[in-house]
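Visitor: Below is a structure I'd like to ask you about.
The values are calculated or read from the model by the stated rules, or taken from the named source; none is laboratory data. In this text, all values refer to a predicted model and were calculated from it rather than measured experimentally. Cβ atoms come from the backbone with ideal geometry, glycine included; neighbour counts cover every protein chain shown.
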Amino acid sequence: MRWRSFAVSAVVRAVLVLACMGAAQARGTPDSFADLSAQLLPTVVNIATTQTLKPSQKPVLPDVPPGSPLEDLFKNFLGPNRNLPRHVTSLGSGFIIDPSGLIVTNNHVIEDSDQITVTLADGSTMPAKVVGRDEKTDLALLKVSTRRPLPFAKFGDSDRARIGDWVIAIGNPFGLGSTVTAGIVSARNRDIEAGPYDEFLQTDAPINRGNSGGPLFDMNGSVVGVNSAIYSPTGGSVGIGFAIPSNLVKDVIAQLRQYGVVRRGWVGVRIQPVTPDLAEGMGLPSAAGALVSDVTPNGPAAKAGIRRGDVVTAFDGQKVPDARALSRFAAETPVGKTVPVELLRGRHKLSVRLTVQRSTDGAPPKKAAPPPPKPKSKMSQLGLSLAPLNADTRAEFKVPGTVNGIVVTDVEPDSTADENSLRPRDVIVALQEQPVRTPDDFKRRVAADLQAGRHVEVLLVSRDGALTYVALPL
């Protein structure tokens with residue numbers, strides 16, 4: 001009995017010690033957010049925009065029975081008055097970053113607007129002008145004219161925001177006016193496919209429509225994010241919100257303030273993720289880095305000696321975990337800076353030096369592919385129909401004379417080729433980095449690789465003039 005009593009006492013003491021250790025290492029739940037909210041509310045503004053929609057040319061009336069009461073209703077609602085210009089008002093949020101009246105918000109809050117009105121926390125309103133905006137990061141910088149210095153918020157270090165840290169969001173949800181909500185940082189570096197530089201902070205602090213452009217504050221009162229998107233099946237908050245991290249915002253806003261536009265770095269490569277299948281097919285040690293699928297002639301990468309098929313593993317001293325990270329690193333690099341780049345070429349490690357140039361951020365829109373033609377030469381085990389490139393097939397599939405290989409004429413649904421994103425009109429340029437000239441050539445080499453025990457073929461594909469690698473499991 002004495003031993004059991006001692007054991008229980010020891011366990012209780014151990015639990016108390018661990019509890020004290022945990023309390024010493026973690027910040028407790030705040031008793032209230034009132035003092036912090038009172039300090040920060042004056043720095044947040046409501047933004048209203050007005051946009052004039054062009055009249056429709058031909059109003060389309062629903063198909064309703066003649067003489068029905070609905071006929072007159074739809075004629076009045078969708079009839080002649082629909083051809084008049086309409087003014088649409090939308091609401092969002094923003095926050096002041098300088099006492100002179102500089103305001104940060106989302107680009108989508110003010111995009112295509114004819115008039116922007118800012119309402120301060122004291123209820124006063126004033127017109128705003130756009131200093132600059134950036135579609136790729138969904139950020140915009142506004143300016144209001146004021147005779148008095150305005151209260152402003154300061155940026156914090158989003159890299160120090162940890163999962164589980166308390167945060168508060170302030171904004172204008174559903175046009176209700178300044179509203180404070182609280183939660184935690186739920187995740188970091190989220191890619192929601194909103195743009196090429198996604199690294200969102202995820203939060204469960206309730207944010208809704210109208211919160212866009214508003215700040216996400218840490219417990220020190222510093223802005224660690226700009227609330228920009230929510231995940232919601234209903235349109236309301238379900239506890240999954242996304243904020244652009246402040247370290248990205250600071251760089252973009254500084255350039256908008258100085259130049260009115262963002263001057264991004266450009267290295268002259270087309271890149272794609274390294275999938276596990278590509279890693280196996282190319283003999284790479286892991287599915288990490290950014291795979292170079294094409295190199296711009298006479299661009300920075302070409303001048304540095306980077307080739308198609310290289311895998312970039314580090315850029316300017318920063319490890320490159322994936323293609324998305326390399327895009328962000330290159331874009332954030334000052335124009336004219338020369339940086340070291342580490343590569344994998346096959347199984348060999350290389351290091352080159354590259355001078356970053358300014359990005360033009362311009363690319364021609366992709367043309368819609370024509371309906372797939374009838375199959376011509378089928379590889380049933382992969383679900384591919386292939387044809388040689390000649391004058392007829394070049395004309396039929398609109399393949400330029402500079403592209404050589406074999407054209408994909410059809411892809412079977414749910415086949416290996418379909419599951420790995422091959423499409424009709426793709427041109428297979430190379431198989432395992434060796435040029436392909438005819439469908440028979442392709443079939444013979446695939447059959448030989450199957451017999452040799454290869455599990456994945458790596459194809460170099462020309463798609464609408466752009467080269468990309470495709471891993472095709474056998």
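Visitor: Residue by residue through segment 416-428, note down the ones that are surrounded by fewer than 17 Cβ atoms within 10 Å (Cβ to Cβ) and either more than 29 Å from the chain's Cα centre (by Cα) or on the phi < 0 side of the Ramachandran plot (or both).
Guide: 418, 419, 423
Visitor: Whether any residue in segment 253-266 is aliphatic (A, V, I, L, M), more than 30 Å from residue 143 (Cα to Cα) and under 19 Å from the mean Cα position of the chain (by Cα) is what I want to check.
Guide: Within segment 253-266 (the criterion being aliphatic (A, V, I, L, M), more than 30 Å from residue 143 (Cα to Cα) and under 19 Å from the mean Cα position of the chain (by Cα)), the answer is no, since none of the residues qualifies.
Visitor: Let me ask something additional. Consider only pairs whose beta carbons are under 6 Å apart and that are at least six residues apart or on different chains; among these, list those whose first residue lies in segment 443-464 and is touching a residue at least 24 places away in the same chain (Cβ under 8 Å) and whose second residue is of a type in the set (Gly, Ala, Ser).
Guide: From segment 443-464, the pairs are 456/281; 456/471; 458/281; 458/471; 460/430.
Visitor: Within the bounds of segment 311-332, is there any residue that is among the charged types (D, E, K, R), assigned to a loop (DSSP other than H, G, I, E, B) and touching a helix residue (DSSP H, G or I) at 6+ places or on another chain (Cβ under 8 Å)?
Guide: Checking segment 311-332: at least one residue is among the charged types (D, E, K, R), assigned to a loop (DSSP other than H, G, I, E, B) and touching a helix residue (DSSP H, G or I) at 6+ places or on another chain (Cβ under 8 Å).
Visitor: Let me ask something additional. Can you list residue pairs whose Cβ atoms sit under 8 Å apart, with the first residue in segment 30-54 being at negative phi and the second being of a type in the set (Phe, Trp, Tyr)? Count only pairs 6 or more apart in sequence or on different chains.
Guide: 30/166; 36/217; 40/217; 43/95; 43/152; 44/95; 45/95
Visitor: Determine if segment 237-258 includes at least one residue that is assigned by TED's automatic domain parsing to the domain that holds residue 182, crowded, with 17+ Cβ neighbours inside 10 Å, over 19 Å from residue 156 (Cβ atoms) and modelled with pLDDT under 90.
Guide: yes
Visitor: Is it true that some residue in segment 165-182 is surrounded by fewer than 23 Cβ atoms within 10 Å (Cβ to Cβ), charged (D, E, K, R), assigned by TED's automatic domain parsing to the domain that holds residue 206 and closer than 30 Å to residue 34 by Cβ?
Guide: yes
Visitor: If residue 409 passes every condition in (1) crowded, with 16+ Cβ neighbours inside 10 Å; (2) at pLDDT below 90 but one, which one does it miss?
Guide: (2)
Visitor: Being assigned to a strand (DSSP E or B) and in contact (Cβ under 8 Å) with a residue 60 or more places away in the chain, is that true of even one residue in segment 295-302?
Guide: no
Visitor: In segment 366-393, which residues are under 35 Å from the mean Cα position of the chain (by Cα) and either modelled with pLDDT of 85 or more or assigned by TED's automatic domain parsing to the domain that holds residue 447 (or both)?
Guide: Those that are under 35 Å from the mean Cα position of the chain (by Cα) and either modelled with pLDDT of 85 or more or assigned by TED's automatic domain parsing to the domain that holds residue 447 (or both): 382, 383, 384, 385, 386.
Visitor: Restricting attention to segment 187-219, which residues are surrounded by fewer than 20 Cβ atoms within 10 Å (Cβ to Cβ) and either at pLDDT 95 or above or hydrophobic (A, V, I, L, M, F, W, C) (or both)?
Guide: 187, 192, 194, 219
Visitor: Quick check: is even one residue across segment 266-283 in contact (Cβ under 8 Å) with a residue 24 or more places away in the chain and at positive phi?
Guide: yes
Visitor: Given 335, 339, which one is outside the structural domain of residue 462 (by TED's automatic domain parsing), farther than 25 Å from residue 434 by Cβ and part of a loop (DSSP other than H, G, I, E, B)?
Guide: After applying the criteria, what remains is 335.
Visitor: Now a separate question. May I ask you to list the residues in segment 124-162 that are part of a loop (DSSP other than H, G, I, E, B), surrounded by fewer than 20 Cβ atoms within 10 Å (Cβ to Cβ) and touching a helix residue (DSSP H, G or I) at 6+ places or on another chain (Cβ under 7 Å)?
Guide: 135, 151, 152, 157
Visitor: Taking residue 238 and the conditions (1) without any contact (Cβ under 8 Å) to a residue 12 or more places away in the chain; (2) of a type in the set (A, V, I, L, M, F, W, C); (3) in contact with a helix residue (DSSP H, G or I) (Cβ under 8 Å, 6 or more places away or on another chain), which numbered condition does it fall short on, given that it satisfies the others?
Guide: Tallying (1) without any contact (Cβ under 8 Å) to a residue 12 or more places away in the chain; (2) of a type in the set (A, V, I, L, M, F, W, C); (3) in contact with a helix residue (DSSP H, G or I) (Cβ under 8 Å, 6 or more places away or on another chain), residue 238 fails exactly one: (3).
Visitor: Moving on to the next point. Where in segment 206-252 are there strands (runs of 3 or more DSSP E), lying fully within it, with 2 or more residues that are aromatic (Phe, Trp, Tyr) and out of contact with any Pro (no Cβ under 8 Å at 6 or more places or on another chain)?
Guide: Ranges flagged: none.
Visitor: Go through segment 428-460 and count every residue that is among the β-branched types (Val, Ile, Thr), at pLDDT 90 or above and under 17 Å from residue 279 (Cα atoms).
Guide: The number of residues fulfilling the criteria is 1.
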